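Here is the structure we will look at, set down as structure tokens.
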Amino acid sequence: MSQYPPGGSQGYPPNFPPGGPQGFAPQGYSLPPATRTSAAAITSLVCGLILCIPFVTGLVAVITGIVGIAVTGNPAVRGRGMAVAGLILGILNICGYCGGVGTFVHYSQPARVFAHQYVSDLYAEKVDQCLQHSTSNLTGDQLDAAHKKMQTWGTLQDTTVWGVNFTNTNGNYNVVVTGIGTFTGGPHAFQMTLVKDAGGYKADSFAWQN
């Protein structure tokens, strides 16, 4: 005769469900491991989508993408797709930034060379030569005054152009160049505006900032 009344599951008392005591897995089975999403993968995807800070976010996306791919090799860690997507976007971000910088340097190089030569000629008191490469907005008196100011600062050692800004206003193509002349007496900043015609660049304005 059975030890349990009819309706009970064989092998368990009537108060226990068929699957066994509540809170315990059936014999021979284990609970699946808890999974989580990789924080590196999420960071990589987010940074890869952010384009307002070029190169920096791209670099972060690449680094965290590689980390995310590595950690998602663990079955308990999800997010491999996000890590791969972030890595690809990061690479595209960096490539786009480097391409843009290269293009800018290429197009700004003639203006940089012009400014460097112009400052050197002005220091050497080649005012007539500077006037040949200037518009009518610059006069000999203005350039003479700039030359005399330079003489009080000592010997010109180098000219560094650190800013080239291209503008196009009503069809007029202008370039604002900012830089620093390094003298034995210290550095001094300058700014000049260039206009471009068929013969190349011409200085439209020139002034020392300090």
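List of remarks:
- Length-normalised contact order for segment 108-208 - Cα pairs under 8 Å, 6+ apart - percent: 26
- With contacts taken as Cα pairs under 8 Å and at least 6 residues apart, segment 59-111 reaches a relative contact order of 39 percent.
- Placing R0 at 41 angstrom, the Cβ-Cβ distance between Ala34 and Phe55 gives a FRET efficiency of 0.65 after rounding to 0.05.
- Counted by neighbouring Cβ atoms within 10 Å, the residues Arg80, Arg36 run from fewest to most as Arg36, Arg80.
- Taking Trp162, Trp208 and counting other C-beta atoms within 10 Å, the order from fewest to most: Trp162, Trp208
- With neighbours defined as other Cβ atoms within 10 Å of a residue's Cβ, the residues Leu59, Leu138, Leu89 order from fewest to most as Leu59, Leu138, Leu89.
The numbers here are math on the coordinates, done by the rules we state, and not lab data. Predicted model, so just to flag it, every value in this text is computed and none were measured. Cβ coordinates were reconstructed from backbone atoms using ideal geometry, including for glycine residues, and neighbour counts include every protein chain displayed.
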